[in-house]
Amino acid sequence: MTEEETQLWLSAHGWWDGAAGDRLRHFVALVLEEADRQNLISAGSRSQIWSRHVVDSAQLIPLLSTLEGRRASASGGEAVSPAPSELWVDLGTGAGFPGMVIGCLREQPIQLVEMRPLRVDFLRHCVAALGLDHVEVVQGKVENARFDRPASVISARAYAPLDRLLASAHHLADENTVWLLPKGRSSEKELEIIRSGWQAVFHVEQSITDTESAIVTIQNLRRIDRSKGLRARAGRNHHASYARCSRSSASRRIKPRS
């Protein structure tokens with residue numbers, strides 16, 4: 001996707017003109033300015049910031065609508081607009097992608113979880129400069145993050161491999177949480193790794209910004225309880241051992257004394 005195509009795509013979604021477009025342009029200016037002081041984005045991607053970072057992040061919103069529409073159709077209902085209290089959690093937000101972009105385009109609450117102090121300071125500066133009262137920056141490890149309700153949506157871009165990501169953030173979700181996880185070429189391989197420990201509806205969606213990139217979507221996620229299998233196997237082993245002992249006892253006869 002070229003920089004010109006990104007403007008057309010954003011315009012088609014109503015995000016180029018008006019307040020949303022103003023916020024995005026202001027945020028991009030803040031990123032490029034701060035990138036001279038800390039390594040927010042690579043030097044090679046600065047000239048492509050709108051396609052490589054902004055639209056790459058913004059595409060998660062229409063994708064979420066598509067997923068919710070599919071889920072509503074499957075249940076025989078209709079997709080509904082996001083509730084005012086619907087919580088979006090972005091893991092390892094870093095330079096603000098996708099979390100800050102989502103915050104610029106949606107009015108629902110969003111929590112940006114970031115551990116690095118300099119990135120946290122930058123993100124909080126952006127939130128204040130853009131007047132995003134519904135966006136909060138949480139400093140610390142994802143494993144230590146706690147919120148007053150499960151996240152409706154969890155996103156993460158370049159945060160961690162899927163196995164580590166789910167292990168660190170599963171406590172923030174419930175079975176209704178939608179996970180939107182932009183990935184590169186490793187998406188299929190990472191999915192194979194986690195399928196042995198997690199049960200869910202997994203899909204790989206094509207990214208609109210890069211033909212070699214994908215977005216892993218996860219719904220109805222739950223951890224596979226291996227302890228049940230271990231207990232079941234232990235029970236079967238116990239019964240088998242008892243049966244062998246019973247057969248052995250029955251085969252022995254005590255000879256009467258003469």
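Note on the stretch 198-212: residues that are touching a residue at least 60 places away in the same chain (Cβ under 8 Å) and either assigned to a loop (DSSP other than H, G, I, E, B) or more than 14 Å from the chain's Cα centre (by Cα) (or both) amount to 4. Counting only strands (runs of 3 or more DSSP E) that fall entirely inside the stretch 92-180 and contain at least 1 residues that are without any contact (Cβ under 8 Å) to a residue 40 or more places away in the chain, the qualifying elements are 110-114, 135-139. Scanning the stretch 1-31 for residues that are of a type outside the set (D, E, K, R), assigned to a helix (DSSP H, G or I) and surrounded by 14 or more Cβ atoms within 10 Å (Cβ to Cβ) yields a count of 12.
The residues of the stretch 166-189 that are within 23 Å of LEU112 (Cβ to Cβ) and acidic (Asp, Glu) amount to a single one, ASP174.
ALA145 passes every criterion in (1) closer than 17 Å to ILE218 by Cβ; (2) in contact with a His (Cβ under 9 Å, 6 or more places away or on another chain) apart from (1).
Looking at the stretch 184-197, can you tell me whether even one residue there is buried (at least 18 other Cβ atoms within 10 Å of the Cβ), modelled with pLDDT under 95 and not in a helix (DSSP H, G or I)? No, the stretch 184-197 has no match at all.
Taking the criterion of being within 20 Å of ALA29 (Cβ to Cβ) and surrounded by 13 or more Cβ atoms within 10 Å (Cβ to Cβ), would at least one residue in the stretch 136-149 satisfy it? Looking through the stretch 136-149, at least one residue is within 20 Å of ALA29 (Cβ to Cβ) and surrounded by 13 or more Cβ atoms within 10 Å (Cβ to Cβ).
Scanning the stretch 62-91 for residues that are part of a helix (DSSP H, G or I) and charged (D, E, K, R), we see that the one that is modelled with the highest pLDDT is GLU68.
The values are calculated or read from the model by the stated rules, or taken from the named source; none is laboratory data. Since we're looking at a predicted model, the values are computed, not measured. FYI the Cβ positions are ideal-geometry reconstructions off the backbone, even for glycines, and counts take in every protein chain you see.
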